[in-house]
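The values are calculated or read from the model by the stated rules, or taken from the named source; none is laboratory data. None of the values given here were measured: they were computed from a predicted structure. Every residue, glycine among them, receives a Cβ derived from its backbone with ideal geometry; neighbour counts consider all protein chains shown. Accessible surface areas use protein heavy atoms only, side chains included; no ligands, DNA or RNA. Shrake-Rupley method; radii C 1.70, N 1.55, O 1.52, S 1.80 Å.
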Amino acid sequence: MQSLTGFLILGAEAEATGVAWGDMATLLFTFIILLVLLRIFAWGPLMNVMKERQDHISNEIDTAEKNRQDAERMSSEAQEELKKTRQEAHQIIEDAKQTAKEQEQDIITAARTEGERIKESARQEIETEKEKAIQALQDQVASLSVRIASKVIEKELSEQDQEKLINEYVKEVGEGR
Amino acid sequence: MKNLDHKQPMVTDVLGISWLDFNMSNVLMIIVSAVIVFILAVSATSSLKRKPTGMQNFMEWIIDFVKGIIGSNMDWKTGKQFLPLGLTLLLFIFVSNVLGVVTMISVDHTIYWKSPTADPGLALTLATMVVVLSHYYGIKMKGVKEYGKDFLRPMPFLFPLKIIEEFANTLTLGLRLFGNIFAGEILLGLLAGLMTSGIGGFFGGLIPMLAWQGFSVFVGAIQAFIFVMLTMVYMSHKVSHDH
């Protein structure tokens with residue numbers, strides 16, 4: 001209060017209280033020292049760290065953005081690749097099916113041809129055998145006729161006997177066969 | 001008016017210079033405040049990490065707070081050089097204000113421990129320093145010619161008012177701070193006197209004492225904020241081109 005009144009009524013009690021210029025000088029001096037020291041030891045490092053963090057975060061954001069774009073690009077590439085592969089696989093299956101069908105056709109054709117051929121040869125063989133059989137039969141009929149004729153000549157018989165004889169021989173021939 | 005009867009520990013005529021007087025309690029409290037602010041700030045920023053923890057968060061909050069004050073008055077490119085000044089002012093004034101709230105020590109009716117900002121001379125010294133700095137930065141950033149022209153704007157005949165404004169700014173800036181803190185200390189002193197007068201006085205004064213101490217801390221913070229805010233307002237008047 002003393003200093004306040006002293007301040008307000010300057011000069012009135014100047015000798016007793018006055019304006020404490022020393023205090024003011026001390027305050028100024030101390031404050032400036034404090035300002036400089038804090039700038040060196042506190043605000044400087046702290047602001048550096050804040051700046052560094054800011055840079056770090058903006059870097060991280062940039063990197064994240066880049067990574068995201070990369071991932072997107074890669075994903076679309078993979079999609080493309082997958083599509084292509086699927087198409088290729090489809091193509092391969094189609095080709096295989098086609099080939100199989102062709103082979104099947106070939107095999108069937110070959111089998112059919114072979115069958116035809118076998119049938120043909122069998123038929124020829126049968127024909128040959130038939131010819132042979134007919135030939136043999138004809139030969140036999142000829143020899144039989146000769147023997148019948150010789151028998152007829154051997155014995156002059158009545159009509160009844162002759163008939164009987166013929167029947168006998170016919171029977172004999174029938175049995176002989 | 002117990003504490004008003006207190007004597008000030010004056011040391012007069014130091015080094016034989018007739019006007020060089022020291023009030024030792026002021027000198028003590030200035031140094032105590034400065035040391036506390038220094039220890040607080042340096043310990044809070046001693047282990048700086050990119051991922052902040054504990055006190056670093058608090059300090060960064062203060063930095064952002066002062067950045068906000070500066071940013072609301074001028075663009076950041078001009079204002080960033082005032083950041084250390086604003087931070088130091090804010091912490092120094094707040095700590096000074098609160099020191100007188102926490103306790104008050106007097107020896108032989110001579111008061112030693114109080115708020116340095118409860119002294120009108122010291123509050124005005126801070127205000128004067130700020131105003132002088134604003135003139136300095138005005139000249140530095142705009143040049144003498146442009147700085148001088150600002151006194152003739154918007155109308156040349158307002159020049160005397162402009163001059164008066166500078167002194168009024170200084171006076172109001174300093175005395176606002178002083179008035180708030182001094183009033184708080186007086187009431188705290190009266191309540192302390194009441195509480196030491198007897199049992200009834202102790203319990204009668206306990207609740208008002210606690211309430212007023214809380215309020216004084218609040219006032220101390222608000223006054224520190226206002227002081228820094230006005231500092232930046234005056235700075236921007238001097239360094240900005242846009243008015």
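Residues checked against (1) under 44 Å from the mean Cα position of the chain (by Cα); (2) assigned to a helix (DSSP H, G or I); (3) aromatic (Phe, Trp, Tyr):
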| residue | (1), (2), (3) |
| --- | --- |
| A:ALA96 | yes, yes, no |
| A:ILE108 | yes, yes, no |
| A:ILE118 | no, yes, no |
| A:ALA133 | no, yes, no |
| A:GLN138 | no, yes, no |
| A:ILE153 | no, yes, no |
| A:GLU163 | no, yes, no |
| A:TYR169 | no, yes, yes |
(request) Determine whether segment B:73-86 contains at least one residue that is facing another protein chain (nearest Cβ under 10 Å), assigned to a helix (DSSP H, G or I), open to solvent by less than 60 Å² (accessible area, probe 1.4 Å) and modelled with pLDDT under 85. (result) no
(request) For segment B:138-176, enumerate the residues that are among the charged types (D, E, K, R) and in a helix (DSSP H, G or I). (result) B:LYS140, B:LYS142, B:LYS145, B:GLU146, B:LYS149, B:ASP150, B:LYS162, B:GLU165, B:GLU166, B:ARG176
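Just to be sure, is A:THR63 within 30 Å of B:LYS51 (Cα to Cα), of a type in the set (Ser, Thr, Tyr), surrounded by 10 or more Cβ atoms within 10 Å (Cβ to Cβ) and within 40 Å of the chain's Cα centre (by Cα)?
Numbers: within 30 Å of B:LYS51 (Cα to Cα): yes; of a type in the set (Ser, Thr, Tyr): yes; surrounded by 10 or more Cβ atoms within 10 Å (Cβ to Cβ): yes; within 40 Å of the chain's Cα centre (by Cα): yes.
Criteria met by A:THR63.
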(message) Give all pairs with beta carbons closer than 6 Å in which a residue from segment A:17-41 that is more than 7 Å from chain B (Cβ to nearest Cβ) meets a residue that is open to solvent by 20 Å² or more (accessible area, probe 1.4 Å); count only pairs at least 6 apart in sequence or on separate chains.
(response) A:THR17/A:GLN2; A:THR17/A:SER3
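Looking at B:GLY198, B:GLY174, B:GLY143, which one is in contact with a helix residue (DSSP H, G or I) (Cβ under 7 Å, 6 or more places away or on another chain) and not hydrophobic (A, V, I, L, M, F, W, C)? Give the steps one after another, and end with the answer.
Numbers: B:GLY198 fails: in contact with a helix residue (DSSP H, G or I) (Cβ under 7 Å, 6 or more places away or on another chain); B:GLY143 fails: in contact with a helix residue (DSSP H, G or I) (Cβ under 7 Å, 6 or more places away or on another chain).
Going through B:GLY198, B:GLY174, B:GLY143 in turn, the sole match is B:GLY174.
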(message) Please go through (1) within 14 Å of chain B (Cβ to nearest Cβ); (2) open to solvent by less than 90 Å² (accessible area, probe 1.4 Å) for A:LYS51 and return the number of the only condition it doesn't satisfy.
(response) (2)
(message) Whether any residue in segment B:140-151 is open to solvent by 20 Å² or more (accessible area, probe 1.4 Å), over 23 Å from the mean Cα position of the chain (by Cα) and aliphatic (A, V, I, L, M) is what I want to check.
(response) yes
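Of the residues that make up segment B:40-58, is at least one touching a residue at least 12 places away in the same chain (Cβ under 8 Å) and under 16 Å from the mean Cα position of the chain (by Cα)? Break it down stepwise before answering.
Step one: list which residues in segment B:40-58 are touching a residue at least 12 places away in the same chain (Cβ under 8 Å), which gives B:40-41, B:43-45, B:55-56, B:58.
Remaining after also requiring under 16 Å from the mean Cα position of the chain (by Cα): none.
No, segment B:40-58 contains no residue that is touching a residue at least 12 places away in the same chain (Cβ under 8 Å) and under 16 Å from the mean Cα position of the chain (by Cα).
Considering only residues of segment B:41-72 that are surrounded by 13 or more Cβ atoms within 10 Å (Cβ to Cβ), more than 9 Å from every other protein chain (Cβ to nearest Cβ) and among the hydrophobic types (A, V, I, L, M, F, W, C), which is nearest to B:LYS238 (Cα to Cα)? Write out each step before concluding.
So the first thing to find is which residues in segment B:41-72 are surrounded by 13 or more Cβ atoms within 10 Å (Cβ to Cβ), and the list is B:41-42, B:44-45, B:48, B:52, B:55-56, B:59-60, B:62-63, B:65-67, B:69-71.
Applying the additional criterion that residues be more than 9 Å from every other protein chain (Cβ to nearest Cβ) yields B:55, B:62, B:65-67, B:69-71.
Subset that is among the hydrophobic types (A, V, I, L, M, F, W, C): B:55, B:62, B:65-66, B:69-70.
Numbers: B:MET55: 35, B:ILE62: 25, B:PHE65: 22, B:VAL66: 19, B:ILE69: 16, B:ILE70: 14 Å.
Result: B:ILE70.
Filter segment B:100-137 for residues that are in a helix (DSSP H, G or I) and away from chain A (no Cβ under 14 Å) and give the result. Talk me through it step by step, then tell me what you get.
Pass one, segment B:100-137, residues in a helix (DSSP H, G or I): B:100-102, B:116-118, B:120-137.
Answer for segment B:100-137, where residues must be in a helix (DSSP H, G or I) and away from chain A (no Cβ under 14 Å): B:GLY100, B:VAL101, B:VAL102, B:SER134, B:HIS135, B:TYR137.
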